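Here the structure is laid out as C-alpha cells; the discussion comes afterwards.
The values are calculated or read from the model by the stated rules, or taken from the named source; none is laboratory data. Just so it is clear, the structure is predicted and the values come from calculations on it, not from any experiment. Calculation scope for accessible area: heavy atoms of the full protein, side chains included, ligands and nucleic acids excluded. Shrake-Rupley method; radii C 1.70, N 1.55, O 1.52, S 1.80 Å.
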Amino acid sequence: HIKGLSQNVTENDIVNFLSGYQSSLIWTHIHYNPKRKCNGSAYVQMCNSDEAIRCSNECNQKFFTDCTGSRIVEVVPCTQEEMLNSVRSSYFLTHSSYSALIPLLPVLCVDTTASRTLR
C-alpha cells in the first residue's frame, strides 16, 4: 500500500518508482475520488509476499516523483482484504484494476496521508 501520492499520479509513475521490482509487479490500483483524482493512495500486487515485504522495506519513506514534484511516500504491506475493500470503494477503476481482479497473490499498498511535498 503506497500512501502520500499526489492527486495527479499515474500508474506509470508508480511503475517507475518501483522500477527495481518490475519483474515482481503484477498490477497497480490507484484509489480515485468522485472527480477521478487520486485520493493519495495506491495498491500494488506483487508476485510473492517476500518481494512485497522487501519492496516495502526498501521503498518506505523514499522520494516519489511525478508531474507535481517530489514527495516522501509511505510504503507498507497490507492484506488482500484491505486492498479489495479499496478497489470496491474506488469511484473509477482503470483497465489494469479490472483485469487484475484474479485470484489474488501477496499485495503491497502505498498511501499518501503521511507525506510531505517537496518542490
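Considering only protein heavy atoms, what is the solvent-accessible area of L84 at a probe of 1.4 Å, reported in Å² to the nearest 10?
Estimated to the nearest 10 Å², L84 gives 40 Å².
From largest accessible area down, sort R71, R54, R36; use a 1.4 Å probe on the protein chains.
R36, R54, R71
Starting from the amide H of V73, placed 1.01 Å from N in the peptide plane, find each other amide H under 5 Å away whose residue is 5 or more places distant or on another chain.
Those lying under 5 Å, H to H, from V73 are Q61, K62, F64.
In square angstrom, what is the accessible area per residue of region 1-79 with a 1.4 angstrom probe?
45 Å²
At q = 0.19 Å⁻¹, what log₁₀ I(q)/I(0) does a Debye calculation on the Cα points of region 14-62 give, no solvent, two decimals?
At q = 0.19 Å⁻¹ the computed log10 ratios are -0.64.
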